[in-house]
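As structure tokens, the structure follows; a few thoughts come after it.
Where a number appears in this text, it was derived from the coordinates with a stated rule and is not lab data. Here the structure is a predicted model, which is why all the values come from computation and not from measurement. Because the Cβ atoms are built from the backbone with ideal geometry, glycine has one as well, and the counts that use them run over all protein chains shown.
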Amino acid sequence: MTADRQHLTLGDIARLAGVSLATASRALSGAPGVAPRTRQHVVDVADRVSYVVSPEASLLARGTTKRVGIVVPHISRWFFAALLEGLEAVLRDADLDVLLYHVGDADDRHDFFERLPARRKVDGLMVLGLPLDERERERLESMGVTIVAAGGQTAAFAYVCVDDYAAGRQAVDHLVFLGHRRIAMLEAVDPDQPGWPAPVPRSAAYRDALGDAGIALDDDLVVTMNWGGAQGAEAMARLLGRRHPPTAVYAHSDEVALGALRTLRRAGLRVPEDISVVGIDDHPVAELVDLTTVRQPVREQGTRAAEMLLGMLRGADVEPAVVLPTQLVVRASTGPPRSA
């Protein structure tokens with residue numbers, strides 16, 4: 001070891017022990033989730049090089065700041081607002097304050113991970129619907145605090161999510177069951193938050209559902225656009241311009257589906273008599289417009305993630321991966337194709 005022992009960092013210990021930063025942090029702080037042999041190995045390495053956990057790090061390990069940091073890419077979208085509502089209620093009942101870090105675009109994101117403003121200010125960190133690259137993950141782990149993800153699986157940390165692939169299959173299989181063969185997909189992406197696995201699970205579900213039903217994939221029936229209602233409306237207009245329009249549309253989210261419904265209404269087409277539409281999420285507006293959708297328990301994801309974080313901070317043995325079920329909600333926007 002060539003570094004001055006007085007300036008050893010947790011990262012140095014992790015490298016010497018051959019473990020991740022998170023594992024080294026948990027091992028030295030006495031947190032759960034580390035195998036006894038691994039914990040002893042990390043402690044032995046730290047003893048050998050005379051590494052001493054800083055007083056500030058010890059305070060954080062014992063959870064004395066009474067604050068939790070929340071990293072979120074969007075705060076105006078219904079999905080993230082519902083997540084925040086669920087987790088904030090649990091943390092408030094536990095007498096913990098919340099520090100909100102909004103990383104809305106690429107510049108915000110870069111600035112946050114460069115400065116890590118949450119460092120040494122929080123007992124734990126919650127990452128909501130934000131895919132992380134390897135460097136970003138390592139930066140968060142270097143903080144040495146408990147981290148939980150929600151609203152999108154981040155397997156490097158404990159997480160609460162839904163199975164997006166299963167949700168997509170529920171939506172598309174419903175259309176197939178009704179007898180549709182020309183099923184379009186409105187594929188929504190978030191340009192400010194790259195990093196989700198490719199193919200996106202909701203897109204993979206569409207292709208697999210068609211393949212399992214013996215329906216050939218028609219690339220003309222797939223339109224990729226930025227996430228949002230206006231973008232969904234524009235994408236639906238593009239589909240109507242095809243030589244052979246679809247008889248049903250699967251939208252990645254209810255917001256996108258609502259935009260599609262607006263275009264269909266303005267075109268004088270009837271839903272579901274002329275074309276069926278299904279979304280995902282069960283947005284509060286979905287019931288008002290009678291939209292068939294796949295419901296995901298958004299607020300509960302926030303609640304369960306906050307409970308998971310509290311359990312980990314208290315040293316409890318918690319399930320590190322929770323996948324909540326989704327449910328097909330059939331309303332009046334889907335029906336058999338006219339040819340049926």
Query - Positive dipole terminus of the chain, leading residue within LEU140, PRO336, PHE113 (C-beta point charges) - result: PRO336
Query raised in the report: Once the Cβ-Cβ distance between GLU319 and ALA35 is put in as r, and R0 is 25 Å, what FRET efficiency do you end up with, to the nearest 0.05?
Result: 0.90
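Would you work out if region 167-260 is rounded, prolate or oblate? Take a ≥ b ≥ c from the square roots of the eigenvalues of the alpha-carbon gyration tensor; rounded if a/c is under 1.5, else prolate when a/b is larger than b/c, oblate otherwise. Spell out each step's value before the answer.
Values: a/c = 1.75, a/b = 1.20, b/c = 1.45.
Taking the square roots of the gyration eigenvalues as a ≥ b ≥ c, region 167-260 is oblate.
Mind giving me the FRET efficiency for ARG266 and LYS121? R0 is 56 Å, r the Cβ-Cβ distance, nearest 0.05 is fine. Write down the numbers at each step before the final one.
On the way: r = 50 Å, r/R0 = 0.89.
Computed FRET efficiency for ARG266 and LYS121: 0.65.
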Requested in this report: Residues in region 93-132, backbone N under 12 Å from the label point at ARG67 (7 Å along the Cα-to-beta-carbon vector): list them, ranges by number please.
Outcome: 97-101, 117-124
Query raised in the report: How large is the dipole of the chain about the Cα centre if only Lys and Arg carry +1 and Asp and Glu carry -1, each at its Cβ, rounded to the nearest 20 debye?
Result: 120 debye
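Just the Kirkwood number for the chain, please: inverse of mean 1/r across all distinct Cα pairs, in Å, one decimal. Provide the component values of the computation, followed by the final result.
Working: mean 1/r = 0.0457 Å⁻¹.
About 21.9 Å, per the Kirkwood formula over Cα pairs.
With each run of n ≥ 4 DSSP H residues scored as -39500 (n - 2.57), what mean residue ellipticity at 222 nm is computed for the chain after dividing by its residue count and rounding to the nearest 500 deg cm²/dmol?
Numbers: 13 runs with 144 residues, N = 340.
Taking each H run of at least 4 residues, the total per residue is -13000 deg cm²/dmol.
At 0.36 nm per residue, and after removing the present C-alpha to C-alpha distance, how many nm does the segment from ASP95 to ARG207 gain when stretched out fully? Walk me through the numbers on the way to the answer.
Values: separation 112, 0.36 × 112 = 40.32 nm, distance 4.64 nm.
In short, 35.7 nm is gained.
If you filter region 257-340 for trypsin sites (Lys or Arg not before Pro), then keep DSSP loop positions with at most 12 other Cβ within 10 Å, what is left?
Numbers: sites: ARG262, ARG265, ARG266, ARG270, ARG295, ARG299, ARG304, ARG314, ARG331, ARG338; in loops: ARG270, ARG314, ARG331, ARG338.
Taking region 257-340 and a limit of 12 other Cβ atoms within 10 Å, the loop trypsin sites (Lys or Arg not before Pro) found are ARG270, ARG314, ARG338.
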Report summary line: Non-local residues with an amide H under 5 Å from the amide H of ARG295, with H modelled 1.01 Å from N and Pro and chain starts lacking one, are ASP281, GLN327, LEU328, VAL329
